[in-house]
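J.: Below: one structure in structure tokens.
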Amino acid sequence: MAEEGWEPKIVAFCCNWCSYGGADTAGMGRFQQPASTRIIKVMCSGRIDPLHVFNAFLEGADAVLVTGCHIGDCHYVNGNEKTEVKYKFLEEMLQQLGLEPDRLHLNWISASEGERFANFITDVTAKVKELGPSPLKPEGVK
Amino acid sequence: MVNVGDMLVGYATDENVRKRGASGGLVTAVLAAALEKGLVENVVVMKHINEFEAVPIITNDVDEVLASTGSLHSVPVNLAKYAMGRKVAMPAKPCDAQAVIEQAKRGMIDLDNTYIVGLNCGGSMHPVTTKKMLVAMYDIDPEDVVGEDIEKGKLIFKTKNGEEKAIAIDELEEAGFGRRESCRFCTLKIPVNADLACGNWGVIGDLAGSATFCQVMNDKGVKLLENAIEAGRIEVEPASDKAIAIRAKVNDVMVNLGSTLEKEIFPDIPDKERMQYYMEQMEDCIDCGACKEVCPVCACGEDSKCTMFHSLVDNYKMSMYHLVRLLHLSDSCIACGQCSDVCPSDIPITLLQSRFAIPSQRKREYTPGMNVDDVPPFFEVILK
Ligand SMILES: Cc1cc2nc3c(=O)[nH]c(=O)nc-3n(C[C@H](O)[C@H](O)[C@H](O)COP(=O)(O)OP(=O)(O)OC[C@H]3O[C@@H](n4cnc5c(N)ncnc54)[C@H](O)[C@@H]3O)c2cc1C
Ligand code: FES
């Protein structure tokens, strides 16, 4: 079980054109969200290699979010469709590995969907708080 | 005239090859003819050292091909990588043929230049296990073995002083010996993915023990056979309905056994215990990289994600190398068992990998290594 006052660390991969804009809009619109997230900006969600997700977990992330433009809106034609293919494999794999499904999420968020972004972070944070620290977190990392 | 779909029984015309051949020496004769007549430039065969040791060789010497008769059940090497970049003919167990096709999908092998003479396979054994088994179950010094055979579900060893000893394979496997684990749950026993599918199932009557059953799978198979007939190296006749039925029946039994054993070999592990299970299995890894080196479906070459982004110094709870491989191979792993075979720490890597690959592949109704036109699920999205 998680220690008293423990806050999860969540890594969110956001694409430059949509979901990062969504995060921005969330801030500008002053939608409340927990300070649990560390955003890593990539040009396109298609750039997010499963390797990056493994890395995030192995370095101590309690959850990883893969986000990008809505299908059809990717600024590189179909980068996010490739993301989806990889994501499905990744999702099945981490589940087989025994990692709780709530620690990995895929979400398409446009630059105008600030509230959607904030709600997403709030939801995931609450779920992960319940789960406690990730079993892949290195010793000594909070 | 040979046609796609033909079911034939045949043998080598050279008496010596026929006699030394595992069944009728047909495979050897077909390979030799392919070389002689210039269908290919090289042939991949196994060069025997002893009953437990053989090395794959790439040769353009017909005599060397003719000398390679016989099935080695204790040499589980996968031959796919030896076909790369060459115009070859090769014998291939179903998993060899699967690996060749997976490499072809990734542009590493040109199937037009690769003639695959498939061998039925009921399974192979690890040489170390076989030697231990000889001492424990047969009371035979491995050094004394001069021959080995499988007949009616029994594994028979012949010694240099003329003795023979047979034990049922079931009994051997119950005692922890016998076939490799990956062979036990394998359900591809007839290499329908090769150009020809050869074996001894279905060879009955007078021909039992001295002919090879051969199914022609495609145009390249036709070419191989017609070439060998023309060269005068083989004789074939249509298989009888009875022979065809027997072969199919034995295959069914073996395939069903494979499915049954799969359930035994992969007991369910509860969600909450799986992470611990994988961590414990992998903690003995000494980071030698042998499992990647032998993997016949890996087409990455030396510098690959699994190695380049992995460093022991990271001291992660799970190895980045293994995580990348577990994911990366989930659409292409054919469970050939090579990685488990070579692991110096005896990690059952094939079994671990299969826990990921089998469900992923089944969900997508995709079997790797069957047809070069099946697009690997990882490549699903192509730029429109
Ligand atoms: C491991 C193994 C298991 C088999 N199990 C069955 C079975 O259950 N049912 C069945 O009907 N047939 C089985 N076969 C096929 C059978 O033993 C004969 O190979 C086949 O009938 C062809 O006989 P042949 O006389 O024409 O071959 P040969 O002319 O004797 O030629 C055999 C060829 O096989 C190659 N070879 C030998 N060992 C290996 C190996 N380990 N891996 C790859 N290539 C090899 C040799 O280099 C040679 O080219 C098996 C073969 C192997 C290698
Ligand atoms: S640019 Fe946003 S997903 Fe490709």
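J.: Only one of B:Thr28, B:Thr129 is crowded, with 24+ Cβ neighbours inside 10 Å, more than 21 Å from B:Met370 (Cβ to Cβ) and in contact (Cβ under 8 Å) with a residue 40 or more places away in the chain; which?
T.: B:Thr28
J.: Would you point out which residue out of B:Leu39, B:Leu26, B:Leu35 is modelled with pLDDT of 95 or more and either touching a Lys or Arg at 6+ places or on another chain (Cβ under 6 Å) or near ligand 1 (Cβ under 9 Å from one of its atoms) (or both)? Quick ask: steps written out before the conclusion?
T.: Details: B:Leu39 fails: either touching a Lys or Arg at 6+ places or on another chain (Cβ under 6 Å) or near ligand 1 (Cβ under 9 Å from one of its atoms) (or both); B:Leu35 fails: either touching a Lys or Arg at 6+ places or on another chain (Cβ under 6 Å) or near ligand 1 (Cβ under 9 Å from one of its atoms) (or both).
Matching residue, one of B:Leu39, B:Leu26, B:Leu35: B:Leu26.
J.: In the range B:308-322, which residues are open to solvent by less than 50 Å² (accessible area, probe 1.4 Å) and either assigned to a helix (DSSP H, G or I) or not assigned by TED's automatic domain parsing to the domain that holds B:Tyr278 (or both)?
T.: Once the filter is applied, which keeps residues that are open to solvent by less than 50 Å² (accessible area, probe 1.4 Å) and either assigned to a helix (DSSP H, G or I) or not assigned by TED's automatic domain parsing to the domain that holds B:Tyr278 (or both), the range B:308-322 yields B:Met320, B:Tyr321, B:His322.
J.: Also, quick follow-up: Can you find even one residue in the range B:311-329 that is under 22 Å from B:Tyr82 (Cα atoms) and at pLDDT below 95?
T.: no
J.: Quick one: would you say A:Ala126 is open to solvent by 40 Å² or more (accessible area, probe 1.4 Å) and more than 13 Å from chain B (Cβ to nearest Cβ)?
T.: Here the answer is yes, as A:Ala126 does meet what is asked.
J.: A further question follows. Got a sec? Which strands (runs of 3 or more DSSP E) wholly within the range B:195-306 have at least 1 residues that are touching a His at 6+ places or on another chain (Cβ under 8 Å) and touching a residue at least 60 places away in the same chain (Cβ under 8 Å)?
T.: none
J.: I've got another one for you. Residue check: is B:Ile167 in contact (Cβ under 8 Å) with a residue 24 or more places away in the chain and farther than 23 Å from B:Tyr115 by Cβ?
T.: yes
J.: Going residue by residue through the range B:362-370, is there one that turns out to be more than 14 Å from chain A (Cβ to nearest Cβ), on the phi > 0 side of the Ramachandran plot, under 21 Å from the mean Cα position of the chain (by Cα) and open to solvent by 50 Å² or more (accessible area, probe 1.4 Å)?
T.: Scanning the range B:362-370 turns up no residue that is more than 14 Å from chain A (Cβ to nearest Cβ), on the phi > 0 side of the Ramachandran plot, under 21 Å from the mean Cα position of the chain (by Cα) and open to solvent by 50 Å² or more (accessible area, probe 1.4 Å).
J.: While we're on this one: Looking at B:Lys292, B:Lys189, which is the one that is in contact with a helix residue (DSSP H, G or I) (Cβ under 7 Å, 6 or more places away or on another chain) and not assigned by TED's automatic domain parsing to the domain that holds B:Ala32?
T.: After ruling out the rest, the residue left standing is B:Lys292.
J.: Give the residues of the range B:109-139 that are more than 16 Å from ligand 1 (Cβ to nearest atom) and assigned by TED's automatic domain parsing to the domain that holds B:Gly85, sorted by residue number.
T.: B:Ile109, B:Asp110, B:Leu111, B:Asp112, B:Asn113
J.: With respect to B:Ser354, is the statement that it is within 20 Å of A:Leu51 (Cβ to Cβ), at pLDDT 95 or above and surrounded by 21 or more Cβ atoms within 10 Å (Cβ to Cβ) true? Walk me through how you get there before you give the answer.
T.: On the way: within 20 Å of A:Leu51 (Cβ to Cβ): no; at pLDDT 95 or above: yes; surrounded by 21 or more Cβ atoms within 10 Å (Cβ to Cβ): yes.
No: the conditions fail for B:Ser354.
Residue-wise test of (1) aliphatic (A, V, I, L, M); (2) within 16 Å of ligand 2 (Cβ to nearest atom).
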{"residue": "A:Met43", "(1), (2)": "yes, yes"}
{"residue": "A:Leu51", "(1), (2)": "yes, no"}
{"residue": "A:Leu58", "(1), (2)": "yes, no"}
{"residue": "A:Leu65", "(1), (2)": "yes, yes"}
{"residue": "A:Gly79", "(1), (2)": "no, yes"}
{"residue": "A:Ser110", "(1), (2)": "no, yes"}
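J.: A follow-up question, please. State which residue is nearest to ligand 1 (Cβ to nearest atom) when the search covers only the range A:42-81 and only residues that are on the phi > 0 side of the Ramachandran plot and open to solvent by 10 Å² or more (accessible area, probe 1.4 Å).
T.: Only one residue tops the list, namely A:Val77.
J.: Here's a check for you: in the range B:169-188, which residue that is assigned to a helix (DSSP H, G or I) and over 19 Å from B:Leu72 (Cα atoms) is most open to solvent (accessible area, probe 1.4 Å)?
T.: Checked the range B:169-188; the qualifying residue most open to solvent (accessible area, probe 1.4 Å) is B:Glu174.
J.: Which residue out of A:Arg103, A:Arg116 is of a type in the set (Lys, Arg) and away from ligand 2 (no atom under 16 Å from the Cβ)?
T.: Just one listed residue meets the conditions, A:Arg103.
J.: Determine, yes or no, whether B:Ile140 is assigned to a strand (DSSP E or B) and without any contact (Cβ under 8 Å) to a residue 60 or more places away in the chain.
T.: Spelling it out, it is not the case that B:Ile140 is assigned to a strand (DSSP E or B) and without any contact (Cβ under 8 Å) to a residue 60 or more places away in the chain.
J.: Looking at the range A:9-28 only, could you name the residues that are open to solvent by 40 Å² or more (accessible area, probe 1.4 Å) and away from ligand 2 (no atom under 16 Å from the Cβ)?
T.: Passing the criteria: A:Lys9, A:Gly27, A:Met28.
J.: On the basis of being within 14 Å of chain A (Cβ to nearest Cβ), crowded, with 16+ Cβ neighbours inside 10 Å and assigned to a loop (DSSP other than H, G, I, E, B), does B:Val381 make the cut?
T.: For B:Val381, the condition - within 14 Å of chain A (Cβ to nearest Cβ), crowded, with 16+ Cβ neighbours inside 10 Å and assigned to a loop (DSSP other than H, G, I, E, B) - is met.
The values are calculated or read from the model by the stated rules, or taken from the named source; none is laboratory data. If you're wondering where the values come from, they're calculated on a predicted model, not measured in any experiment. As a convention, Cβ positions derive from the backbone with ideal geometry for all residues, glycine included, and neighbour counts pool all protein chains shown. Side chains are part of the model used for accessible areas, which takes the heavy atoms of the whole protein and leaves out ligands, DNA and RNA. Shrake-Rupley method; radii C 1.70, N 1.55, O 1.52, S 1.80 Å.
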